[in-house]
1. Among B:HIS315, A:HIS232, B:HIS57, C:HIS93, which comes first, then next, by fewest other beta-carbon atoms within 10 Å?
2. For B:LYS79, which lysines qualify as cross-link partners when the Cα separation must be under 20 Å and same-chain residues fewer than eight apart are set aside?
3. So what's the back-of-envelope 222 nm ellipticity for chain B, counting only DSSP H runs of four-plus at -39500 (n - 2.57) apiece and dividing by all residues, rounded to 500?
4. Between B:ALA236 and C:SER18, what FRET efficiency comes out of the Förster formula 1/(1 + (r/R0)^6) with R0 = 41 Å and r the beta carbon distance, rounded to 0.05?
5. Assuming R0 = 41 Å, what is the FRET efficiency of B:GLU222 and A:ARG211, from their Cβ-Cβ distance, to the nearest 0.05?
6. If the cut-off is 17 Å between C-alpha atoms, which aspartates and glutamates fall inside it for A:LYS127, apart from same-chain ones fewer than 8 positions away?
7. Jot down the per residue volume, in cubic angstrom and as a whole number, of the convex hull over the alpha-carbon atoms of the range A:2-94.
8. Per-residue ellipticity at 222 nm for chain C, helices alone: DSSP H runs ≥ 4 residues times -39500 (n - 2.57), over residue total, nearest 500 deg cm²/dmol?
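What follows is calculated from the coordinates using simple rules that are stated; it is not laboratory data. Please read these numbers as outputs of a predicted model, since none were measured by experiment. Ideal geometry is used to build each Cβ from the backbone, glycine not excepted, and the neighbour counts take in all protein chains shown.
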Amino acid sequence: MTTWTPTPYQVVTRTVETHDSVTLVLRPVAESLPAFSPGQFAMLYAHGIGEVPISISGIPGDGTLVHTIRAVGAVSRALHDAGPGTVIGVRGPFGTAWQLDGAEDLLVVAGGIGLAPLRPVLGHPAKRTVLVAGARTRQDLLYQDELAGLSDVDVVLTVDHGDHDWHGRVGFVTEPLASIPLDPDRTTALLCGPEPMMRFCARTLLGRGVRAERIQVSLERNMQCGIGLCGHCQLGPLLLCRDGPVTGYPTAEPLLLAKEL
Amino acid sequence: MQVVLDLDGLDALIGVLRQDGRVVVGPVLRDDAITLAELGSAADLPSGWGVGTGPGHYRVRRRQDTAVFGHSAGPQSWKRFLHPPRRALISSDPAGFHPVEDNAPDYAFLGVRPCDLAAITKLRQIVGGRAPFVVAAQCTEPGEVCFCASMGCGPAAGSGYDIALTERIDSTGHRFLATSGTGEGAEVLARVPARAASPDDVALAEQDVEAAANRMGRAMPELDLRDLLARNRDSAHWEAVAERCLTCGNCTMVCPTCFCVSVEDTTDLDGNAERSQRWASCFEIDFSYLHGGAVRTSGASRYRQWMTHKLGTWHDQFGTSGCVGCGRCIAWCPAGIDITEEAAALAGSEQP
Amino acid sequence: MTTPMTDLDALPLLTRLSHTQRAAIAGVSRIETYEAGTRLFDEGGLADQCWVVLTGCVVIDTVVPPRGKVALQSIGPGELLGWSWLVPPYRWHFGATAVTSTRAAVVDTGALRVLADEDPALGYQLSLILIDALLNRLQATRIRLLDLYRNPA
């Protein structure tokens, strides 16, 4: 059962991103796992507590793994709280990656923690990259300093609830999507966030003439094994740990429209 | 290689398999049901016991004869040996993570009905593990909830057996036509006292199995089930099933191919932890748990998930149907829900 | 700073109008440039114009004691600002401030209503444009009500 056995990694740095999210950089204790691609995920194991799927949120290329973790349950809370030196079990890489081959203009649309799996894509040498990222409030926006320093990416940030210090946009991501300049024939759109957000964004983009085949979404279900054995991550015909998380919109759309699938 | 064994020959077959270090598992009568357990000899087989089944109904009954394979699928399946209900995966301590070796014995399964033979193939395609030695028992007496013929999984044994037996009791005695399916099967048979099979032995066995095909208690509707289910995600029929379904998960537990597992963590006071898997059911509310709550909360969505996966999306995932027509889910459903009837009703609900 | 309107042909919002219809609207419009911080209107004020933001960003706000001024909605390039002029009592419901240096087409809505009354075909097309924009705003606002990004823990 070696596929079930995690590889030990050690927390090197822990960066607090928001009130509920941190970014961990993990270094292999001995053996290292194969390289991850943007969009793929790892199963991270907190000793004695459990294992959760977490997307890769950075690819430094030095053998370390970068994960941004939001504390939403017992396991993610334990991982969130893991300080430097803590050993974490890692399995992966699992799942499909963002398809960037032949992409001309990249339109990256993220909601909430959905920005984490898209972060590695922001360094992709596209002709033009636009990031539209939404969050609940200014305090919930990930990687703010880093995004402010991106020179070759047009960044549009929008929050659901504004405050007097916020000078970005207030509104849902569909609003800038409806009005930002884009060339539908050159655009590859990558969407990650809550399911309704991805549906609404995809519909806005389809309305603007972006082809469904050029829209990719990152889907999530209960993932336990990562290797298509446990059955929990089914979404219709898909085993999302294997056939996802990154899925083309023509495949995803009918599945996202079915209730309780 | 085709030979004919009598009951002593069958006993010798079990002996040879045991001599070779295999754990021989086969049907036994226990707790008023035909269950599966290790066989010491042919005397352990449920001689003279048959079963009566129906929706939500299973009873053992005395047969008029001494047949040992004269029963249809019981509450257990070979799944419990190939994919145990609970299995340790890893242990974890401050020194690291340690895989738990799979110490499953070298199994020989004896009396595997053709539906279950197909199920073993489908299950092993997913969960892997060491191949068991399989002695199939071709079906000459289907039960009331059986529909393997319409699933293409019986009553004749398909591929995957080492030896296939066809039991017959008539004026010339109680005997088994044994056909080897592999070289290993032939080698084992060669070590068992038997007589060569005559053309009559072979013809009679074929005739018995063919006749069984026409005595299936049920049939799955003859249509493309994968398409039917794919286009009926929003059917009102799921609500109709949900009114009867208790979401107890019995169907998934008795199903010989349902493979889903949940992973659990346990810790002790010394700081050691273990991860193990246990059988899970898509009828459990937490099966589809996503941070914040379950995706499939209604009974309708959970029944739809089970039936759609079994008959439809299994094709997308594994290139075959997940159903073999053994009928267990019908017999062991406390509400008597019949998957063949539900498939027919779903198809019927589409008619204009 | 005010500049006379030359034409509105480049405005995606009005592509469904004919050149003549766009020219008629241009006749009752002008271009304004606002410095960051410029107050465009206040709650309760007379609603006699609307804006199409060309560059920059305007925020609609309201005051909630004791939170102070709360930003409700941004209006970015290509988007329409101001609905209260459409129906009586023609009073602004919220307030609006240009939060960055903003350039906008400003329409005299009293004159626009006269144009629409005189030319029902234009009026109808205009209604569709407004409904489309309003629908998008309403849908986006409803989605925000879902509070999709909240932490479920």
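1. By the 10 Å Cβ count, ascending, the order reads C:HIS93, B:HIS57, B:HIS315, A:HIS232.
2. Within reach: B:LYS122, B:LYS310.
3. Theoretical 222 nm ellipticity from helices: -8000 deg cm²/dmol.
4. My answer for the efficiency is 0.30.
5. Once the sixth-power term is evaluated, E becomes 0.55.
6. Of all the aspartates and glutamates, those that pass the test against A:LYS127 - Cα under 17 Å, at least 8 places apart if same chain - are A:ASP101, A:GLU104, A:ASP105, A:ASP152, A:ASP154, A:ASP183, A:ASP185.
7. Looking at the range A:2-94, the number lands at 88 Å³ per residue.
8. Only helices count here, giving -9500 deg cm²/dmol.
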